[in-house]
């Protein structure tokens, strides 16, 4: 995976596959502290202790369609390459929480990537899932929460072409504002 947004997309798609109805993605760019932190949590099936213990082992997977699971191991590798770390907490029936930390200025830190597109793809995936996306860069914050949007639009589908175009435009504008 060339950028961190693809890692986020992969993990969020796994959350959806695990039956999550609520997914939270938080990106914190603390340039002053030289840290980039990514947190992803969900209310899906979670993992039992055995599976959680092996979550970062690329040769351990619960999938029956293939014999390797590379999502979390590759994120761990990306974090450690940038003098960072990763934590995974999960319990059966209790959802999953993942936190990856990177040294922001490290030469080997992958670029964050296009978060507006990543979040838009997640929004398009399923209309019955609520997604909370928060991106903090120093003193600026972008927040998109589908629960708030559902309330404002009065129940229309959030994954319609029109709604997705509006949210993509909003996210792109706000991400550009954060970068200034």
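The values are calculated or read from the model by the stated rules, or taken from the named source; none is laboratory data. Owing to the predicted nature of the structure, the values given are computational and were not obtained by experimental measurement. Cβ atoms come from the backbone with ideal geometry, glycine included; neighbour counts cover every protein chain shown.
Some observations on this one:
- Unique match (being part of a helix (DSSP H, G or I) and modelled with pLDDT under 95) among 16, 8: 16
- Subset of segment 159-180 (residues that are free of Cβ contacts under 8 Å to residues at least 24 places away in the same chain, surrounded by 12 or more Cβ atoms within 10 Å (Cβ to Cβ) and part of a loop (DSSP other than H, G, I, E, B)): 160
- Of the residues making up segment 139-158, those that are surrounded by 17 or more Cβ atoms within 10 Å (Cβ to Cβ) and either under 19 Å from residue 16 (Cα atoms) or in contact with a helix residue (DSSP H, G or I) (Cβ under 7 Å, 6 or more places away or on another chain) (or both) are 142, 144, 146, 158.
- Options 119, 107, 136; residue that is farther than 16 Å from residue 170 by Cβ and surrounded by 16 or more Cβ atoms within 10 Å (Cβ to Cβ): 136
- The residue pairs whose first member lies in segment 112-127 and is on the phi > 0 side of the Ramachandran plot and modelled with pLDDT of 95 or more, whose second member is buried (at least 20 other Cβ atoms within 10 Å of the Cβ) and not in a loop (DSSP other than H, G, I, E, B), and whose beta carbons are closer than 8 Å, counting only pairs six or more residues apart or on different chains, are 113/4; 113/5.
- Considering 80, 64, the condition of being over 26 Å from residue 177 (Cα atoms) and at pLDDT 95 or above is satisfied by 80 alone.
- Selection status of residue 87, in contact with a strand residue (DSSP E or B) (Cβ under 8 Å, 6 or more places away or on another chain), buried (at least 18 other Cβ atoms within 10 Å of the Cβ) and over 21 Å from residue 21 (Cα atoms): no
- Scanning segment 90-128 for residues being touching a strand residue (DSSP E or B) at 6+ places or on another chain (Cβ under 8 Å) and in a helix (DSSP H, G or I) gives a total of 4.
- Only residues that are part of a loop (DSSP other than H, G, I, E, B) and crowded, with 16+ Cβ neighbours inside 10 Å were counted across segment 19-53, and they come to 6.
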